[in-house]
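Worksheet: the structure to be examined is printed underneath.
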Amino acid sequence: MDVVDSSNLQRQILHNLDRVGMRKVDSARLTLEAMNPDLKVLTYDTRLGADNILDIIDGYDVIVDGTDNFPTRYLVNDAALLKNIPVVHGSIFRFEGQITVFNPYVGPCYRCMIPEPPPAELAPSCAEAGVLGVLPGIVGSIQAIETIKLILELGDPLVGRLLTYDALDQSFRTFKVRRDPTCPACGEDAPPIVIAEYDDLCMPHPVGV
Amino acid sequence: MNVIVRLPSQLRSLVGGAGEVPVEAATVRDAINAVDAAYPGIAFRVLDDRGALRRFVNVFVADEDVRFLNGLDTVLESGQTVSLVPAVAGG
Ligand SMILES: [Zn+2]
């Protein structure tokens, strides 16, 4: 679906110039298997949607969310709650990154932290605003650490804490994120989760699956 | 109270590039309005047309989310930092 473009290479380090035009999933697998032939890499060359997400995430221990838009992030959140799979969240914008871990029904979920997405006019996409090329590597490395910690049950994962990275003043900060008892997805009185495509407002539990 | 308001990079162009703006304020609402008085446009990005906090912007006093304190009426102590942290979704 998505193929390697030369404009990706300053930040998507699994690819290189020789792979321009190759499917990204194939290029990524080649690079990973060249580093470690014992890896078993499964690829899904498809757009993540309401029709396939539950099947795709089924059986995995951790989801690492590096998606690039709000609707998909809400979709991942709701599906992860339904399947009870922790999500290692990383998001970036220009010179800053945000990392946290959503552990279903233990800590807050994405909807507890961000009940509604910004309207389009207040949320320029990365394509418009751009991202400093090295930033995804920093945020992705921290997500990798959190993933390893979850799998090995090591240390203190970023559950209930939002770690922010600011490249301009070169600082990390940590903020508390709490589970919202009125959260429409994981709150005490939340209706059963329905997985459906979300519109730009990403409103919870739309009808008509 | 003398407090610091920390701005995300997406709002810094509105204040001439600064990451932190020192203001005099008694509450979180005061602090946002004080920054807006000096640099018009900040409040619009953080508050909706009824003056409530926009739901995709988290505001922290020190490391506490004001939604779990007293919201925009949260009282500030001298030297505290108010951080505006809008949601970002790039990946
Ligand atoms: Zn929730």
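The values are calculated or read from the model by the stated rules, or taken from the named source; none is laboratory data. Since this is a predicted model, take the numbers as computed values, not measurements. FYI the Cβ positions are ideal-geometry reconstructions off the backbone, even for glycines, and counts take in every protein chain you see.
With over 15 Å from the mean Cα position of the chain (by Cα) and more than 15 Å from the ligand (Cβ to nearest atom) as the only criterion, which of A:ASN52, A:ASN84 stands out? Spell out the reasoning first.
Details: A:ASN84 fails: more than 15 Å from the ligand (Cβ to nearest atom).
Of A:ASN52, A:ASN84, the one residue that is over 15 Å from the mean Cα position of the chain (by Cα) and more than 15 Å from the ligand (Cβ to nearest atom) is A:ASN52.
Looking only at residues in segment A:151-169 that are away from chain B (no Cβ under 11 Å) and in a loop (DSSP other than H, G, I, E, B), the one that is farthest from B:GLU20 (Cα to Cα) is A:GLU153. Filtered by the rule that a residue be buried (at least 17 other Cβ atoms within 10 Å of the Cβ) and of a type in the set (A, V, I, L, M), segment B:14-31 gives B:LEU14, B:VAL15, B:VAL21, B:VAL23, B:ALA25, B:VAL28, B:ALA31.
Might you check whether a residue that is modelled with pLDDT of 90 or more, buried (at least 16 other Cβ atoms within 10 Å of the Cβ) and in a loop (DSSP other than H, G, I, E, B) occurs anywhere in segment A:136-150? Looking for residues that are modelled with pLDDT of 90 or more, buried (at least 16 other Cβ atoms within 10 Å of the Cβ) and in a loop (DSSP other than H, G, I, E, B), one finds none in segment A:136-150, hence no. The single condition from (1) at pLDDT below 95; (2) within 14 Å of chain B (Cβ to nearest Cβ); (3) surrounded by fewer than 16 Cβ atoms within 10 Å (Cβ to Cβ); (4) in a loop (DSSP other than H, G, I, E, B) that A:PRO184 fails is (3). Would you say B:ASP36 is over 22 Å from A:PRO117 (Cα atoms) and touching a Ser or Thr at 6+ places or on another chain (Cβ under 8 Å)? Spelling it out, it is not the case that B:ASP36 is over 22 Å from A:PRO117 (Cα atoms) and touching a Ser or Thr at 6+ places or on another chain (Cβ under 8 Å). Among the residues of segment A:104-127, just one is part of a loop (DSSP other than H, G, I, E, B) and under 13 Å from the mean Cα position of the chain (by Cα), namely A:CYS109.
Of the residues that make up segment B:67-81, is at least one modelled with pLDDT of 95 or more, within 12 Å of chain A (Cβ to nearest Cβ), in contact with a Lys or Arg (Cβ under 7 Å, 6 or more places away or on another chain) and within 14 Å of A:PRO115 (Cα to Cα)? No, there is no match, as no residue in segment B:67-81 is modelled with pLDDT of 95 or more, within 12 Å of chain A (Cβ to nearest Cβ), in contact with a Lys or Arg (Cβ under 7 Å, 6 or more places away or on another chain) and within 14 Å of A:PRO115 (Cα to Cα).
Looking only at segment A:94-108, residues that are touching a Gly at 6+ places or on another chain (Cβ under 9 Å) and within 10 Å of the ligand (Cβ to nearest atom) come to 2 in all. Among residues of segment B:1-28 being among the charged types (D, E, K, R) and over 21 Å from B:ARG67 (Cα atoms), the one that is farthest from the other protein chains (Cβ to nearest Cβ) is B:GLU24. Can A:LEU42 be described as assigned to a loop (DSSP other than H, G, I, E, B) and among the hydrophobic types (A, V, I, L, M, F, W, C)? So A:LEU42 fits the description; yes.
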